Amino acid sequence: MTTLTQTDPKATVLPLLEGSTWPGAAEALEQVHALPVPTSKTERWKYTRVGRLFNEPYAVPTGETDPALPARLPIDVTRVVFVNGHFRADLSDDLKSQKGLVIDSLKHHLSHGPVKEHYGTLAPTGERLFTAMNTAAPTDGLILLVTKDVKVDKPIHVLHVTTWERQLVQPRDLFMLHEGAEAEVIIEHIAMDTPEAFVNSVRECVVGESARLTIHRLQHESNGPANISFEGVRVASSGHYSLSTTTLDGALIRNEVKVSLSGPEAHAELNGVYLLNGTTHCDNHTYIGHDVPDCTSDELYKGIVAGKGTGVFNGKVYVKQDAQRTRAYQSNANILQGDDAKVYTKPELEIYADDVKCSHGCTIGRLDEQGLFYLRSRGVSDAEARKLMAHAFITEVVERVQNEEWKAVLTALIDAKLARL
Amino acid sequence: MLKITNLHANIDGKEILKGLDLEVKPGEVHAIMGPNGSGKSTLANVLAGREEYEVTEGSVTYLGEDLLELAPEERAWKGIFLAFQYPVEIPGVSNLNFLRTALNESRKANGQDELGGKDFLALVREKAKLVEMDPDLMNRNLNVGFSGGEKKRNEIFQMALLEPRLGILDETDSGLDIDALRIVASGVNKLRSTDKAFIVVTHYQRLLDHIVPDVVHVMANGRIIKSGPKELALELEEKGYDWVKEIA
C-alpha cells in the first residue's frame, strides 16, 4: 500500500512565520499549521480566490531601504511611516508632541500593561488563517494609545510603503482609546511597483466609553500587492467608531472588519467606496455585532466596477436577543460597467431581539439613463456626463466624511480615478 | 430651420409617431396640443435625441443637417434645447457646476473660448433674474429638493443661459400655479427673437395666453391632424379633445 502525501500549500510561507517572540505567536503558528487555505467552498471566501498567494515562497521584509516618499498630504497631519511593515522613526514626524498620547512602534510596547491587556483579544486566530499568520509573526505596527479625555489635536496619517516584490509584510496595529478620548487616523497603503508582494494586516481597536475613533483607509496601490486585512473592534457604551474605506487600485484586496458594540448606545459607522477596473478584485467583509441594547450602526458601501474588476460585499449584522431597541442600517449599491465586470453582494441580518429597527438592501445596476440623457441634452458630452453621474453615485458615501479637508483630498482622488474608469 | 417629414418612432416596439410632418422657421413659435398619449412628448424627446425611442421611418432636417444622426449633446451644441416635463434630480452634482460644464462644452464645440468663473457667475446672475430664480438654488444639487415650480423655472433658467436656437418646451406648464406660469412664460417671451424658434408642447390652452404662438398644431394618434392660427387653441379649449379623436 502506498500513501500519497500532499505538501501543505502553506509551505511557501511557513518558514517565515517561525521563531517570533510576539505574544501568542507560538499558538498562532500551530493554528496556521492546522487551518486550511480557504477555497471557494469556504463560505467566507467564496468569491475571493487566495490559493495563488501560496504558489511561490516569500522573503522576510526589511525596512532598511529609503523609498522616495510621496508628497505630504495637503492637510495638517502627524505622519507615521512604515516601510515594508517596519516602523521608521527617522521618516516620521515628531510623535511626542502631545501629552496623554502614545503613537509609536507597537514592537517597543509589547510588555506594557495596556498592550498586554488588549493585544490579541479582538483578533481571534481560531478560524482565520490570515489572522493566525499575522499573529504568528507580525512585522511591526502602530500603537495608538489615547488616555482619558485626550483629544488628539490633528489626524494621524499612517503611511505604509511597500517596496519589494514577493515579500510577506504583516502590519499589526493596536489602537486603544480610553474614556472620552478622540482620535482620527488616515491609513494609506502605497506600493512602489511591487507585484506579487503580500501585505497581511491585523488591527485591533478598543474604543472606550464615550470615546470616538475615526479611521479612513485609502487603498491605491497600482500594480500593487495582495492586501488582506482584518480589523477587530470593540466599542464601549456611548463610544463611536467610524471606518471609511476607499479602494481605488490594487490587485487582490480583502477588507474584513468585525465590530462588537458592547456597551449601551455605542455606535458604529462603516462606509466604503470602491472604484475598480483592470483586474482589481476587492472584497469587503463586515460584521457588526449588536451585543447589548440601544446601540446603533449604519453601513453604506458603494462601488463602480469596470473592466475585468470584481467587487464583493458581504455584510452581516447580528442582533443578540438582549439587544433591544437596536437600530441597524446597511446598504450596498453597485454600478457595473462593461460585460466583464463582476459584483457579488450578500447582505445578512440575523436578529434575535424583537424590538429593533433594521434594514438592509443591495442593488446592482447601471448609471441612471434618465440622468445621463438629461445632462447630455444640455450639452454635456457622454464621457463627462458619465463622470458626473458616477461622481453623483459615489458622493453620498463621501459626504459622510466629517473632516472637510480630508473630504476634499478624497474627492479629488476619487474624481481622478473616475476619469480613468 | 426644422423640417420633419413622415416621422415614425417606436418605444419598446410600440409605434407612437405614425408619419408626422412639421416645419418650423426662425422666429416662429409653434404650439403642439393634443390629448394624452397622442405622441406630443415622444416628438419632443425624439428631437432631443433620447435613445429609448427608435426612429423607424422619415427624416428630420435641422439647419440643413440630418438631426437624427447627431448625439444628444451634439444637438445641444447646435442649439437644440429640451425643457423636460419631469426634470431629473441628480444628487451630488451642483446646479452651477453642471451648467458651467454644459455651457463650456458647447462653447468649445462652437469654437468659442471657455468662460472663466467670474464671467460665468455674472452671466448666471443676469439670467437668473429672467425667471426670478432664488440664487440659493444655484448652489444646490441639481433639482434635488426643488419644488415642482422651482424645477420648471430651473429649466427655463438653463434655457436662458444656454441660448438655444430651437427651444422645445415639453409640458412646461404642468404642475405650475398661475404665478409660476406667468414667470416661466415671461422668461420664454424675453428669449423670443427673429433667429430663434420654439416648439411649445402643452395639454392646456392657458400657457398659450402667455406665450402666444404663431401656429397651433393638433396631434392625435401620432400625427398632426390639424394646424391653424392661435385661435385654434381656444377652439380646442372650448370643444375638448373628443372631436379630435374622432378625426384621428
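Among the candidates A:T214, A:T280, single out the residue that is of a type in the set (S, T, N, Q) and closer than 20 Å to A:N314 by Cβ. Let's see the steps before the verdict.
On the way: A:T214 fails: closer than 20 Å to A:N314 by Cβ.
Just a single option satisfies the conditions, and that option is A:T280.
Picking from residues in the range B:61-85 that are open to solvent by 20 Å² or more (accessible area, probe 1.4 Å) and in contact (Cβ under 8 Å) with a residue 40 or more places away in the chain, the one that is farthest from the other protein chains (Cβ to nearest Cβ) is B:T61.
Answer yes or no: is there a residue in the range A:365-379 that is without any contact (Cβ under 8 Å) to a residue 60 or more places away in the chain and away from chain B (no Cβ under 14 Å). Before the answer, list the steps.
At the first step, the residues of the range A:365-379 found to be without any contact (Cβ under 8 Å) to a residue 60 or more places away in the chain are A:365-379.
Next, only the ones that are away from chain B (no Cβ under 14 Å) stay: A:365.
Yes, some residue in the range A:365-379 is without any contact (Cβ under 8 Å) to a residue 60 or more places away in the chain and away from chain B (no Cβ under 14 Å).
How many residues does the range B:158-204 hold that are polar (S, T, N, Q) and either closer than 24 Å to B:K78 by Cα or within 13 Å of chain A (Cβ to nearest Cβ) (or both)?
From the range B:158-204, those polar (S, T, N, Q) are B:158, B:172, B:174, B:186, B:189, B:193-194, B:202; that's our starting set.
Next, only the ones that are either closer than 24 Å to B:K78 by Cα or within 13 Å of chain A (Cβ to nearest Cβ) (or both) stay: B:158, B:172, B:189, B:193-194.
Result for the range B:158-204: 5.
Being more than 22 Å from A:L145 (Cβ to Cβ), at pLDDT below 90 and touching a strand residue (DSSP E or B) at 6+ places or on another chain (Cβ under 7 Å) is a property that A:A68 lacks.
So that you can scan it fast, the table gives a plain yes or no per residue for (1) within 30 Å of B:P164 (Cα to Cα); (2) of a type in the set (G, A, S); (3) away from chain B (no Cβ under 14 Å); (4) touching a residue at least 12 places away in the same chain (Cβ under 8 Å):
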{"residue": "A:H285", "(1), (2), (3), (4)": "no, no, yes, yes"}
{"residue": "A:I335", "(1), (2), (3), (4)": "no, no, no, yes"}
{"residue": "A:G338", "(1), (2), (3), (4)": "no, yes, yes, yes"}
{"residue": "A:P347", "(1), (2), (3), (4)": "no, no, yes, yes"}
{"residue": "A:K357", "(1), (2), (3), (4)": "no, no, yes, yes"}
{"residue": "A:E384", "(1), (2), (3), (4)": "yes, no, no, no"}
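Please state which one of A:T245, A:T279 is open to solvent by less than 10 Å² (accessible area, probe 1.4 Å), in contact with a Lys or Arg (Cβ under 6 Å, 6 or more places away or on another chain) and among the hydroxyl-bearing types (S, T, Y). Steps first, answer last, please.
Working: A:T279 fails: open to solvent by less than 10 Å² (accessible area, probe 1.4 Å).
Unique residue meeting the criteria: A:T245.
Residues that are part of a strand (DSSP E or B) and over 17 Å from B:K196 (Cβ atoms) were ranked within the range B:137-174; the one that is most open to solvent (accessible area, probe 1.4 Å) is B:N141. Within the range A:180-207, if we keep just the residues that are surrounded by 23 or more Cβ atoms within 10 Å (Cβ to Cβ) and part of a loop (DSSP other than H, G, I, E, B), the residue that is farthest from the chain's Cα centre (by Cα) turns out to be A:A181.
Scanning the range A:94-135 for residues being surrounded by fewer than 17 Cβ atoms within 10 Å (Cβ to Cβ) and of a type outside the set (A, V, I, L, M) gives a total of 18. Kindly establish whether A:L388 is at pLDDT below 95 and within 7 Å of chain B (Cβ to nearest Cβ). So A:L388 fits the description; yes. A:T395 passes every criterion in (1) buried (at least 17 other Cβ atoms within 10 Å of the Cβ); (2) at pLDDT 95 or above; (3) within 27 Å of A:D76 (Cα to Cα) apart from (2).
Scanning the range A:336-366 for residues being surrounded by 19 or more Cβ atoms within 10 Å (Cβ to Cβ) and outside any strand (DSSP E or B) gives a total of 1. Being open to solvent by less than 50 Å² (accessible area, probe 1.4 Å) and in contact with a Gly (Cβ under 8 Å, 6 or more places away or on another chain) is the filter here, so list the residues in the range A:296-316 that pass it. Answer for the range A:296-316, where residues must be open to solvent by less than 50 Å² (accessible area, probe 1.4 Å) and in contact with a Gly (Cβ under 8 Å, 6 or more places away or on another chain): A:E299, A:L300, A:Y301, A:K302, A:G303, A:V305, A:A306, A:G307, A:G309, A:G311, A:F313. Just one of (1) over 20 Å from A:R400 (Cβ atoms); (2) open to solvent by 10 Å² or more (accessible area, probe 1.4 Å); (3) not charged (D, E, K, R) fails for A:M176. It is (2).
The values are calculated or read from the model by the stated rules, or taken from the named source; none is laboratory data. This structure is a prediction, so every number in the text was calculated from the model and none was measured. Counting neighbours? That spans all protein chains shown, and the Cβs are built from the backbone with ideal geometry, glycine included. Just the protein is used for accessible areas: all its heavy atoms, side chains included, with ligands, DNA and RNA removed. Shrake-Rupley method; radii C 1.70, N 1.55, O 1.52, S 1.80 Å.
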